[in-house]
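Have a look at the structure below, then the notes.
Please treat every number below as a calculation from the coordinates, not as lab data. Keep in mind it's a predicted model, so treat the numbers as computed, not measured. Cβ placement follows ideal geometry from the backbone for every residue including glycine, while neighbour counts extend to all protein chains displayed.
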Amino acid sequence: MGTRMTRTHHLNKMETENPTTQSSGRPVLPVWAAIPLFLIAGFVLIGLLGGFLLLLLSFFPKSGSIYGVITEKLVLSVSSMAGAWICALLFLKYVDCRPVSELGMSIKGRWKECLAGMVFAAVFYLIGFVVSIGLGAVEVTGATFDYGVLTGTFFVFLPAAAMEEIMVRGYIQGRLMTKMNKFPAMVIASLIFSAMHILNPHIGLFPLFNLFLAGLLLGASRMYTPNLWFPIFLHAAWNWLQGPVLGYEVSGTKIFPSVIQLHLPEENLINGGRFGFEGSILCTILMIAGTVLIISLQRNARKSHRPG
């Protein structure tokens, strides 16, 4: 009897320390129905907020400068993040009857994860860019530096990355992990992440496959840690380094000027062509290696924290 009470107390303690095991009631919808409804509701809310803010901006004089473009994109990025965050919180609380802490947005003591995500992206692109130049897949034709543009564009990409991470890794992958093994949950979330980019310019089967791998890379840490700050800052730094710093298209689009001006001698699988580095086989190799590395580091960290 005493052993059973001790075991019960231990399980209750584990549930208190790990919010993903808690439930505040019976879900209104099963996961398979809640996720597509969440995606629809999320994009509708993001569209409404963005449209409303663009309407407000139309009453102010337009600036033809790059800073005017950055300001407009920043407003849209922040509204997108807000829409995704609000929708995820509402679904967790009122549809799934789960604690909102499951979203993984607590900020206390998370600066190390933020820094680690940025460092990971920097090392990733340093390797990819150096190899690309060494193979003659890209050529540097010039360089310009504008501190204001560089800073502004980073703060455009940060909330934009947060929006996608909240929706895919925070809500979708998080909810799937409560119903199935963490690996298939990550795979399903990554497929959804790839499908979300299917209308991007210059998309194709290989870029879609690489976006699926990017989903695995971003989702790997989510399997082991209940917060989103590592994938958010990895995602933001990834896009920022790819576009405004190195001069590639970002998932097929190029909006901002870059520090480095690139020339592609030809469009091929080494440089990614018009889709950018995410369409290259170098990116494929690096993402597979990066995913394996993150999973290995997380597993080793968990083993080192186990008592005895």
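Add -39500 (n - 2.57) for each DSSP H run of 4 or more in the chain, then divide by its residues: what number comes out at 222 nm, to the nearest 500 deg cm²/dmol?
Working: 10 runs with 181 residues, N = 308.
Only helices count here, giving -20000 deg cm²/dmol.
What are the membrane-span-like helices in the chain by this rule: whole DSSP H runs, Cα extent along the axis at least 30 Å, mean Kyte-Doolittle hydropathy at least -0.5? Please report the intermediate quantities before stating the final value.
Values: long enough: 31-57 (38 Å, 2.58); 66-90 (36 Å, 1.50); 111-134 (34 Å, 1.67); 281-305 (36 Å, 0.94).
Qualifying helices, which must be both long enough and hydrophobic enough, are 31-57, 66-90, 111-134, 281-305.
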Just flag the chymotrypsin sites (Phe, Trp or Tyr not before Pro) in the range 37-113 sitting in loop per DSSP whose Cβ has no more than 14 other Cβ atoms within 10 Å. Phe59
Of the chymotrypsin sites (Phe, Trp or Tyr not before Pro) in the range 135-180, which ones lie in a loop per DSSP and count no more than 12 other C-beta atoms within 10 Å? Phe145
Given the C-alpha centroids of the range 56-102 and the range 173-200, what is the distance between them in whole angstrom? 22 Å
Starting from the range 141-214, pick out the trypsin sites (Lys or Arg not before Pro) whose DSSP state is loop and whose Cβ has at most 15 other Cβ atoms within 10 Å. Lys179
Considering the options Thr225, Val140, Phe155, tell which one lies farthest towards the positive end of the dipole of the range 107-303, charges being +1 on Lys and Arg and -1 on Asp and Glu at the Cβ, about the Cα centre. Thr225
Lys pairs under 21 Å by Cα in the chain, provided they are eight or more residues apart or on distinct chains: 7
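Summing Lys, Arg as +1 and Asp, Glu as -1, what charge do residues with Cβ under 13 Å from the Cβ of Val250 carry, Val250 excluded? It would help to have the intermediate numbers written out before the result.
Details: positive: Lys73, Lys254, Arg274; negative: Glu164, Glu249, Glu278.
Neighbourhood net charge equals 0.
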What dipole magnitude, in Debye to the nearest 20, does the chain give about its Cα centre under +1 on Lys/Arg Cβ and -1 on Asp/Glu Cβ? 1480 debye
Candidates Trp32, Trp229, Trp240; GNM for the chain (alpha-carbon contacts under 10 Å) flags as most fluctuating Trp32
Read phi for every residue in the range 251-264 and hand back ³J(HN,Hα) as whole Hz from Karplus 6.51 cos²θ - 1.76 cosθ + 1.60, θ = phi - 60°, with x for Gly and Pro. 6, x, 10, 9, 10, 10, x, 10, 5, 9, 9, 9, 10, 9
Just want to confirm a number: the relative contact order over the range 107-303, from Cα pairs under 8 angstrom separated by 6+ residues, in percent. 31 percent
What label, among [x] 22.4; [y] 18.5; [z] 15.2, belongs to mean projected area of the Cα convex hull in nm² computed from the structure on display? [y]
Along the charge dipole of the chain, pointing to its positive end and built from +1/-1 on Cβ of Lys, Arg, Asp and Glu, which listed residue (Ile66, Gly252, Ala116) has its Cα farthest out? Ala116
